[in-house]
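Asks: The structure follows.
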Amino acid sequence: MTDRLSLTTVTRAAPGVARPPVDPRATTVGLVHLGIGAFHRAHQAVHTEDAMAAAEETTWGIHAVTQRSARVAEQLRPQDGLYGVLTKGLDGAGRPTADLRVVGAVRDVSFPGEQTGEVLARLADPSVHVVTLTVTEKGYRRAGDRLDLDDPGVRTDVAALAGELRGTEVDDPAGSPIGMLARGLARRARRDATPITVVTCDNIVQNGAMLAGLVRQLLAAAGADDVAAWAAEHAAFPATMVDRIVPATTDADRAEATRLSGLRDEGLVVAEPFTQWVIEDSFAGPRPAWEQAGATLTSDVAPFEEAKLRILNGSHSYLAYRGAVLGHRTIADAVGDHALREEVRAFVDEDVIPTLTPPPGVDLGEYRDEVLGRFANPALGHTTIQVAMDGSQKLPVRLLGTVRDRLAAGAVPHRVGRAVAAWMVFVARSADGEAGLVLDDPLADRLQEAAAGGDGLADRLLGLTEIFPAELAEDERFRAVVREQVADLT
């Protein structure tokens, strides 16, 4: 049987495999990560390891914390925290490429369901200076813009923190990532430990301020005013923007990695070559030298965030809705449709770019071409149906901001209106049960009801106030464009 990847066996990896540039045995923990999924392993952990190597530091090893299950802990512990990143791209001639590196930045893995006390102790450790998070939008347990204090997990953490404030440390399992973080900050405040920076890496607008607000709300619910005062002075919550496409790892990927390395890797992740990390330069204490590993440190993340949401995410959704209706199974197939690709280029050039302030050092036209080139990578495997899901949640942040800004500038948003119409046609045809189209959306029932009834599809869907604010839905210029485009697409 093939040997499994570990500190003992990694020295026997095939010569073409990149090994950790920093000796994992010499690395100490200085960073806690909440939510160790594939994205963190392919993104922040890689940047952190490269930063340690570039700055010749060994104090930024990662104590990773799983979220909903012990699966990743069970994958990585027998491997001494090591795992591979299989980077799959295309060469200059369009031929598939695959490169494998072993990452050793993760030095410990905990499952909160069994080891909450261990994680809380690490969060209070004065040698830990940074906490990062990738817990997905659902993990923040929000109701609108506020913490959902009725969420059972949040209630568990409020009760546990209130108990600690009465003098006894409570190691009961954490109910939520926000609760875990707040309880860790409480222990840190009690011990008057060093300042700490909390870096959320989930794709949420103004994510740093959002997370700081949720933590304050949980502390207030537990009556932890002294902890909140300590955090206001000693904790920082910088905003970030992250980007790397990390598809699900398949058995075929694991087999390819084994062929390349000669070792079996249960923790393998797959990624595209591109990676980007933009971080607000607002830290409470020491941090890894991430800028030496390709990250951008800036005083304002917003221009980068807006460019990604409107160009990358907006184009992704456009390709998904239009591509699915045209019969394209994957996003790569959709980009390969010359006419559709040109539609998306026109959408970006004519409506999106005029609404953006270019981030420092970024040419938005080059960024557009880079995005479309990334989407053409067949190794990423994103299906149009997959990307089309949750459209009612994605439309407001990916497309409607562009609509609003074009209207405010006195322009008629023909191209972004066509993108909105593409979503409407996708909803209508999937609601009708067209083969291959699936409507997977939190508002599926409302959408199906609004889509039924023949003529007037645009007006019925524009009437959904959960998606379209009144100032857009009632703007006759926008309504006329959407009606026209729906008619053209049907």
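The values are calculated or read from the model by the stated rules, or taken from the named source; none is laboratory data. As the structure is a computational prediction, the values presented were derived from the model and not from experiment. Cβ: placed from backbone, ideal geometry, glycine included. Neighbour counts: every protein chain shown.
Asks: For the condition touching a residue at least 24 places away in the same chain (Cβ under 8 Å) and on the phi > 0 side of the Ramachandran plot, what is the one hit in G391, G436, G456?
Replies: Exactly one of G391, G436, G456 is touching a residue at least 24 places away in the same chain (Cβ under 8 Å) and on the phi > 0 side of the Ramachandran plot, namely G436.
Here's the yes/no breakdown for (1) exposed (fewer than 15 other Cβ atoms within 10 Å of the Cβ); (2) among the aromatic types (F, W, Y); (3) in a loop (DSSP other than H, G, I, E, B):
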site	(1), (2), (3)
P396	no, no, no
R404	no, no, no
A421	no, no, no
D441	no, no, yes
D459	yes, no, no
E466	yes, no, yes
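Asks: Restricting the search to the stretch 242-273, which residues are among the β-branched types (V, I, T) and within 25 Å of the chain's Cα centre (by Cα)? Break it down into steps so the answer makes sense when it comes.
Replies: Within the stretch 242-273, the first condition is being among the β-branched types (V, I, T), and the residues that meet it are 242, 245-246, 249-250, 258, 269-270.
Listed by number, the residues that qualify are V242, I245, V246, T249, T250, V269, V270.
Asks: Say whether the condition of being under 25 Å from L268 (Cβ atoms), touching a helix residue (DSSP H, G or I) at 6+ places or on another chain (Cβ under 7 Å) and surrounded by fewer than 15 Cβ atoms within 10 Å (Cβ to Cβ) is met by at least one residue in the stretch 95-103.
Replies: The answer is yes; a qualifying residue exists.
Asks: Also, I was wondering about something else. With respect to E164, determine if the residue is out of contact with any His (no Cβ under 6 Å at 6 or more places or on another chain), in the same structural domain as V205 (by TED's automatic domain parsing), surrounded by fewer than 16 Cβ atoms within 10 Å (Cβ to Cβ) and outside any loop (DSSP other than H, G, I, E, B).
Replies: Answer is no for this residue.
Asks: Need the failing condition index for V199 against (1) aliphatic (A, V, I, L, M); (2) assigned to a helix (DSSP H, G or I); (3) buried (at least 24 other Cβ atoms within 10 Å of the Cβ), just the number.
Replies: (2)
Asks: How many of the residues making up the stretch 471-490 are in contact (Cβ under 8 Å) with a residue 60 or more places away in the chain, in a loop (DSSP other than H, G, I, E, B) and within 16 Å of A408 (Cβ to Cβ)?
Replies: Going through the stretch 471-490 one residue at a time, the tally reaches 1.
Asks: Next question. What is the number of the single condition among (1) of a type outside the set (G, A, S); (2) modelled with pLDDT of 90 or more; (3) out of contact with any Lys or Arg (no Cβ under 6 Å at 6 or more places or on another chain) that V102 does not meet?
Replies: The failed condition is (3).
Asks: Further, regarding this structure: Taking F375, is it farther than 30 Å from A53 by Cβ and either in the same structural domain as L399 (by TED's automatic domain parsing) or not polar (S, T, N, Q) (or both)?
Replies: Here the answer is yes, as F375 does meet what is asked.
Asks: I need a count of the residues in the stretch 393-418 that are within 20 Å of E305 (Cα to Cα) and not charged (D, E, K, R).
Replies: Total satisfying the criteria: 10.
Asks: Test each condition in (1) more than 28 Å from E137 (Cα to Cα); (2) assigned to a helix (DSSP H, G or I) for G453 and report the one that comes out false.
Replies: It fails just one condition, (2).
Asks: Still on this structure: Is the stretch 63-84 home to any residue that is assigned to a helix (DSSP H, G or I), among the acidic types (D, E) and more than 21 Å from the chain's Cα centre (by Cα)?
Replies: Yes.
Asks: If you don't mind, there's one more thing I want to ask. What about P273, is it in contact with a Ser or Thr (Cβ under 9 Å, 6 or more places away or on another chain) and buried (at least 23 other Cβ atoms within 10 Å of the Cβ)?
Replies: No: the conditions fail for P273.
Asks: I would also like to ask the following. Got a sec? Which of D390, D405, D459 is within 17 Å of R322 (Cα to Cα) and among the acidic types (D, E)?
Replies: One residue alone meets the criteria, D390.
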